[in-house]
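For reference, the structure is listed below as structure tokens.
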Amino acid sequence: MVKVLFLFPATADTSAVDAFLKDKWAAGVKAQRGVRSVSVSAGALMGGRGLPYGRVAEVTFDALGDAMAARESQSGQTADRVMRDLGATILMFETLEF
């Protein structure tokens, strides 16, 4: 499996981040091939004061090829630009289940 984390800075406009994730991003990513799950953090992040992130979104794909195809698609490129404009850090990694 492959996970993609989208870490939005605490300084980002929360209403703009939430609107983008809910109104545009979620439906688009769910339509991509190989998506197992899509989730977004709810409320404030836990872990103490001064966290650099205010919102986290996560997508789990069946395979690396699925994640790359989603990222390279037209909607993936558009979402990538918007997320970077919102200051997101994007991490992609393969996972092992034990």
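The values are calculated or read from the model by the stated rules, or taken from the named source; none is laboratory data. Please read these numbers as outputs of a predicted model, since none were measured by experiment. Positions of Cβ are backbone-derived with ideal geometry, glycine not excepted, and every protein chain shown enters the neighbour counts. Heads up: the accessible areas ignore ligands, DNA and RNA and are worked out on the full protein's heavy atoms, side chains in. Shrake-Rupley method; radii C 1.70, N 1.55, O 1.52, S 1.80 Å.
For the reader, a short list of remarks on this structure follows.
- Each Lys and Arg adds +1 at its Cβ and each Asp and Glu adds -1 at its Cβ; summed about the Cα centre, the chain shows a dipole of about 140 debye.
- Helix-only CD estimate at 222 nm, as mean residue ellipticity for the chain, using -39500 (n - 2.57) per DSSP H run (n ≥ 4): -9000 deg cm²/dmol
- Label zone at Gln74, where the point sits 7 Å out along the Cα-to-Cβ direction: the range 8-33 residues whose backbone N lies under 19 Å: 24-33
- Legend: residues Met46, Met1, Met83, sorted from most to least accessible area (1.4 Å probe; ligands, DNA and RNA excluded), read Met46, Met1, Met83.
- Cα long-axis angle, helix 74-85 against the chain (0 to 90 degrees, to the nearest 10): 20 degrees
- GNM result for the chain, Cα springs below 10 Å: residue of Ser37, Ser75, Ser15 fluctuating most strongly: Ser15
- Low-density loop cleavage sites - trypsin sites (Lys or Arg not before Pro) in the range 13-61, where at most 10 other Cβ are within 10 Å (DSSP): Arg49
- Across the chain, C-alpha contacts under 8 Å between residues 6 or more apart give a mean separation that, scaled by the residue count, equals a relative contact order of 48 percent.
- Each of Gln77, Leu21, Thr60 was scored by the projection of its Cα onto the charge dipole of the chain, and the greatest displacement toward the positive side belongs to Leu21; charges sit on the C-beta of Lys, Arg, Asp and Glu.
- Straight-line cross-link partners of Lys30 among the aspartates and glutamates, defined as a Cα under 17 Å from its Cα and at least 8 positions apart when in the same chain: Asp18, Glu58, Asp62, Asp66, Glu72, Asp80.
- Near Val59: Cβ cut-off under 13 Å, other residues only, Lys/Arg at +1 and Asp/Glu at -1. The net charge is +1.
- In a DSSP loop and with at most 12 other Cβ atoms within 10 Å, the GluC sites (Glu not before Pro) in the range 12-98 are Glu97.
- Local net charge near Met68, Cβ-Cβ under 13 Å (Lys/Arg +1, Asp/Glu -1): -3
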